[in-house]
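The values are calculated or read from the model by the stated rules, or taken from the named source; none is laboratory data. Since the model is a prediction, treat every value here as computed from it, not as a measurement. Don't worry about glycine lacking a Cβ; one is built from the backbone with ideal geometry, like all the others, and counts go over all protein chains shown.
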Amino acid sequence: MDAASVAASSKHGLPLLLRGLFAHDGFQLSCTFYEGELGLDIHTTEKDPTFGNWDVHNEQHSVSYEVLAACVRHGNELYLAGLQRGSIVIEEWIFPEWDGGYASSHPKSGTSIGVPTAVTETSVYVAGTTFVPQSSRGAKPQPQKTVVYQGAHFAAKGIAEMRIDPEGRFALILTDTDDELYQVPFDGSDTANLLYDPQTLAGLSGSESFQGLQKAGVERRYVIYQIPMPGQPCTVLQDTDNDGVFESNYVTTVDVTDGLLSAGWFDLYTRY
């Protein structure tokens, strides 16, 4: 696992600093927030293709709920999860292109859970004709916000980490207490399906985080970490036909899963 992906976890009651939400071809997105606060800071970092220097833009956003987790589907599509009046809210933020700056795209598949779906790639490009330093652009467009889920199924357990399916079909939620893994379909309902708990998947006991991996073709895996350090055990969930259903799982070590990144696999949201 990329050590920069999570600098602190809500399991420890510390301020959350999430790095590397998206990193690809000179375009990086990260955010910071503090547990219980009604807002977050979003940091966009872009590499000037002519001079090679990195250009950073910071912006503050307020929300109507306590932010618990943040992740992306791609660089222009951020998802926030938070607690609002006893329910979990998941909100989708789509950032319009900022002319002169980097942008990304990843079409949604339109398929539902249970339907085998081809693995596709995120594309990254400069919006407009040429790159323009952020200080010389017009005003940055505000994100378009949509609530994609609201329900109380695991609200009392909190959220340790969230990952969004690259095809836009669902969210995977690792709870802060009880170490449970839920799948939340984005189908307009308030459904949240419990996939595993420590009794059905031992690797969830004491788990801190998880990471999505995929390989060219159709296979996708998610790695559940207790301690994301070399030599430590981790559990891998396999979705061999990318239908959103995990057919099998196995226990290995962090060293082995890190080795996948040099063997044709890559993180769903980052490239380095």
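Taken together, PRO166, PRO116 contain a single residue that is over 19 Å from the mean Cα position of the chain (by Cα) and either of a type outside the set (S, T, N, Q) or not in a loop (DSSP other than H, G, I, E, B) (or both), which is PRO116. For region 48-69, a tally of residues being over 19 Å from ALA139 (Cα atoms), of a type outside the set (A, V, I, L, M, F, W, C) and not in a loop (DSSP other than H, G, I, E, B) returns 1.
In the set GLY231, GLY188, only one residue is on the phi > 0 side of the Ramachandran plot, exposed (fewer than 15 other Cβ atoms within 10 Å of the Cβ), in contact with a strand residue (DSSP E or B) (Cβ under 9 Å, 6 or more places away or on another chain) and free of Cβ contacts under 8 Å to residues at least 24 places away in the same chain; that residue is GLY188.
Of the residues making up region 197-254, those that are among the hydroxyl-bearing types (Ser, Thr, Tyr) and out of contact with any Phe, Trp or Tyr (no Cβ under 8 Å at 6 or more places or on another chain) are THR200, SER205, THR240, SER248, TYR250, THR252, THR253. Scanning region 9-47 for residues being assigned to a loop (DSSP other than H, G, I, E, B) and at pLDDT 90 or above gives a total of 2.
Suppose we keep only residues that are part of a loop (DSSP other than H, G, I, E, B) and over 19 Å from the mean Cα position of the chain (by Cα) within region 234-251. Which one would you say is surrounded by the fewest Cβ atoms within 10 Å (Cβ to Cβ)? Out of the qualifying residues, it is GLU247. Being surrounded by fewer than 22 Cβ atoms within 10 Å (Cβ to Cβ), touching a residue at least 24 places away in the same chain (Cβ under 8 Å), within 21 Å of HIS74 (Cβ to Cβ) and out of contact with any His (no Cβ under 7 Å at 6 or more places or on another chain) is a description that applies to GLU219.
Here is a yes/no grid of residues against (1) under 17 Å from the mean Cα position of the chain (by Cα); (2) in a loop (DSSP other than H, G, I, E, B); (3) closer than 28 Å to VAL89 by Cα:
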| position | (1), (2), (3) |
| --- | --- |
| LEU172 | yes, no, yes |
| VAL184 | yes, no, yes |
| GLY206 | no, yes, yes |
| GLN214 | yes, no, yes |
| VAL218 | no, yes, no |
| PRO230 | no, yes, no |
| ALA263 | no, yes, no |
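Within region 44-71, restricting attention to residues that are of a type in the set (D, E, K, R) and touching a residue at least 60 places away in the same chain (Cβ under 8 Å), the residue that is surrounded by the most Cβ atoms within 10 Å (Cβ to Cβ) is GLU46. Applying the criterion of being outside any strand (DSSP E or B), over 17 Å from the mean Cα position of the chain (by Cα) and of a type in the set (A, V, I, L, M, F, W, C) to the residues of region 119-144, the residue that is surrounded by the fewest Cβ atoms within 10 Å (Cβ to Cβ) is ALA139. Based on this model, can you work out whether VAL148 counts as within 30 Å of VAL56 (Cβ to Cβ), among the aliphatic types (A, V, I, L, M), touching a residue at least 24 places away in the same chain (Cβ under 8 Å) and not in a loop (DSSP other than H, G, I, E, B)? Spelling it out, VAL148 is indeed within 30 Å of VAL56 (Cβ to Cβ), among the aliphatic types (A, V, I, L, M), touching a residue at least 24 places away in the same chain (Cβ under 8 Å) and not in a loop (DSSP other than H, G, I, E, B). Checking each residue in region 77-113 for being assigned to a strand (DSSP E or B) and of a type outside the set (A, V, I, L, M) picks out GLU77, TYR79, GLY82, GLN84, SER87, GLU91, GLU92, TRP93, TYR102, SER104, SER105.
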